[in-house]
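What follows is calculated from the coordinates using simple rules that are stated; it is not laboratory data. What you see is a predicted model; the values in this text were computed from it and never measured. With ideal geometry, Cβ positions are generated from the backbone for all residues, glycine too; neighbour counts draw on all protein chains shown.
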Amino acid sequence: MIEQLLKKPHMVRRVLVLILSVFMMGVGVAILDQLGFGTDPCSVLNLGVSRMIGWSFGNYQLLFNVVLILLILLMKEPGRIGLGTLANMVLVGYSADFSTWVINMIHPLAHETLLVKLIVFVPTILMFLVAVAFYMVVDLGVAPYDAIPQIIAGRTKWNFTKVRVVWDVSATVIGFAVGGTIGAVTIIRGFFLGPVITAIAKKFQPWFE
């Protein structure tokens with residue numbers, strides 16, 4: 001992590017974009033969850049389990065990520081952990097909790113009409129995809145959830161795409177089984193996140209070089 005701070009150019013810019021991106025990811029998770037259109041596989045799992053055990057999403061997400069960080073360290077892969085890893089494990093869950101509280105205080109979305117939900121959904125999923133893309137482009141480390149399949153693929157020589165699909169499907173199935181919501185977001189994220197990351201990287205990568 002210290003090496004990141006010393007060697008990467010434009011670190012102030014990278015960190016500011018990282019924090020904003022992670023915060024907006026949490027906002028996106030909160031809104032998408034209220035709309036009932038599902039979230040990303042990791043959030044489906046953690047939202048489902050947190051509700052089942054009666055914890056806040058932020059508290060359970062933090063515990064879940066701490067366990068994954070310990071696994072990464074046990075696998076002797078400390079290089080996978082960076083500022084982005086820590087920001088993701090702490091801020092996404094708590095920014096989602098804060099956003100849910102604000103939404104419920106102002107105007108809950110869960111019981112809105114389908115038309116209103118769709119109107120809110122379109123800009124929210126775009127915001128979420130762009131936030132994830134910027135999170136990846138600043139290159140300060142990946143989420144613990146994302147690091148595990150990378151390590152498995154690297155150590156076993158299994159195809160990364162297949163490992164990631166199994167990883168995501170497993171998280172989604174478990175999350176759904178314990179009360180998480182799956183829906184359009186899971187599908188849209190799978191098909192469009194890659195192209196959005198590519199587009200953001202092509203246009204904004206020079207900001208960080």
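Partner aspartates and glutamates whose Cα lies under 16 Å from the Cα of residue 7, excluding those fewer than 8 positions away in the same chain, are identified as 139, 209.
Across the chain, Cα pairs under 8 Å and at least six residues apart give a relative contact order of 39 percent. For region 37-90, the percent of C-alpha pairs falling in each 5 Å distance bin, counted from 0 to the bin holding the largest distance, reads 4, 19, 25, 23, 16, 9, 3, 0. Each Lys and Arg contributes +1 and each Asp and Glu -1, all at the Cβ; summed about the Cα centre of region 1-99, the dipole is approximately 360 debye. Need one word for region 78-188: rounded, prolate or oblate. Basis is the Cα gyration tensor (sqrt eigenvalues a ≥ b ≥ c); a/c below 1.5 gives rounded, then a/b vs b/c decides. Here region 78-188 falls in the prolate category.
The stretch between residue 55 and residue 203, if pulled fully straight at 0.36 nm per residue, gains 49.3 nm over its current Cα-Cα span.
What helices does the chain hold that run 20 Å or longer along their axis, going by alpha-carbon atoms, with a Kyte-Doolittle average of 0.5 or more, using DSSP H for the helix calls? Please report the intermediate quantities before stating the final value.
Working: long enough: 11-35 (35 Å, 1.84); 57-74 (25 Å, 2.08); 83-106 (33 Å, 1.11); 114-137 (34 Å, 2.56); 160-177 (25 Å, 1.07); 184-204 (28 Å, 1.33).
Helices meeting the span and hydropathy rule in the chain are 11-35, 57-74, 83-106, 114-137, 160-177, 184-204.
Taking the helices alone, the chain has a mean residue ellipticity at 222 nm of -26000 deg cm²/dmol, built from -39,500 (n - 2.57) per DSSP H run of at least 4 residues and averaged over all its residues.
Sorted ascending by nearby beta carbons within 10 Å, beginning with the fewest, 85, 181 become 181, 85.
Using the Cβ atoms and a cut-off under 12 Å, what net charge is assigned to the surroundings of residue 27, where Lys and Arg are +1 and Asp and Glu are -1? It would help to have the intermediate numbers written out before the result.
On the way: positive: none; negative: 33, 97.
Spelling it out: positives minus negatives among the neighbours equals -2.
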